[in-house]
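J.: Here you go, one structure.
The values are calculated or read from the model by the stated rules, or taken from the named source; none is laboratory data. From a predicted model like this one, the values you see are computed outputs, not experimental measurements. Note: ideal-geometry Cβ built from the backbone for every residue, glycine included; neighbour counts use all protein chains shown.
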Amino acid sequence: MEWSDDAIVLAMRPHGETSAILDVLTQSHGRHLGMVRGGGSRRAKPALQAGNSLHVSWRARLSEHLGNFHVEPLRARAGVLFESRDRLIGLNAFAAMAQLVLPERQPHRPVYEAGEILLDAMLDDGFSHWAPLYVRWETGLLEELGFGLDLSRCAATGTVEDLRYVSPKSGRAVSGAAGAPYRDRLFPLPRFLLGAQNGLPDLVEIAAGLRMTAHFLLERALRPNGRELPAARQRLEALASQQTESD
């Protein structure tokens, strides 16, 4: 059994004296684990850090086995991402959510492709540039898991105009007029998720978007499986709140 694919490193842990177990998000084979022989060496470790992109070749005697990875570096991001507290928090949230929510060996190509865009944005831009992409990545994650939000029209009236809220129960958009009496019980709908905003989203909208996607991931994907929101993801939401307060 063997295949080759492009992948994003989510995590690496030592295995024995010289090897490592690599957890990657691949383009066509989903989240996948494998052993890298010699991956624990000083020479190999830098390429196997979270956030880097690799070309991986996986081989095993049987499909259900852990198998071995042969890796070739494609895009080294870890060094830059590790230097910034904000970027490191974003990277850790991305990796933790992918590991916790995505089942192993089930293809989710859009999640991988959006992850590549997100991580590249983290290299070059500040929090207010890449954080909206993170929110979009999580909405895509919900979509891929079968829990997609319906932001196309108002759940109450069917209108496509003045969409301002999201129902925490249905995950559907609600217009300003229909949602006004219940706005304290609804999530604000970030305009950047509608593609209806010029320029950078403000920090308040980013924080609102992170709270919203956290709610739906927690209620629909995590708690039904006995899991809670990981600490790395909670730190990203706390960072957004800090950025809002200091703005």
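J.: Scan the stretch 93-108 for residues that are surrounded by fewer than 20 Cβ atoms within 10 Å (Cβ to Cβ) and on the phi < 0 side of the Ramachandran plot and report the count.
T.: 6
J.: If only one of Ser246, Ser241 is closer than 21 Å to Arg183 by Cα, modelled with pLDDT under 95 and either out of contact with any helix residue (DSSP H, G or I) (no Cβ under 6 Å at 6 or more places or on another chain) or among the hydroxyl-bearing types (Ser, Thr, Tyr) (or both), which one is it?
T.: Only one candidate qualifies: Ser241.
J.: Within the stretch 36-81, take every residue that is in a helix (DSSP H, G or I) and in contact with a Gly (Cβ under 8 Å, 6 or more places away or on another chain) and give me the one that is farthest from Gln243 (Cα to Cα).
T.: If we take residues in the stretch 36-81 being in a helix (DSSP H, G or I) and in contact with a Gly (Cβ under 8 Å, 6 or more places away or on another chain), then Lys45 is farthest from Gln243 (Cα to Cα).
J.: In the list Val111, Val166, Val135, which residue meets the criterion of being surrounded by 15 or more Cβ atoms within 10 Å (Cβ to Cβ), within 30 Å of His65 (Cα to Cα) and in contact with a helix residue (DSSP H, G or I) (Cβ under 8 Å, 6 or more places away or on another chain)?
T.: Val111
J.: Moving on to the next point. Yes or no: Ser63 at pLDDT below 95, small (Gly, Ala, Ser) and within 21 Å of Arg31 (Cα to Cα)?
T.: yes
J.: Oh, and also: Just checking, how many residues over the stretch 12-32 are surrounded by fewer than 17 Cβ atoms within 10 Å (Cβ to Cβ) and in a strand (DSSP E or B)?
T.: Residues meeting the conditions: 3.
J.: Quick one: count up the residues across the stretch 46-72 that are surrounded by 14 or more Cβ atoms within 10 Å (Cβ to Cβ) and free of Cβ contacts under 8 Å to residues at least 40 places away in the same chain.
T.: 4
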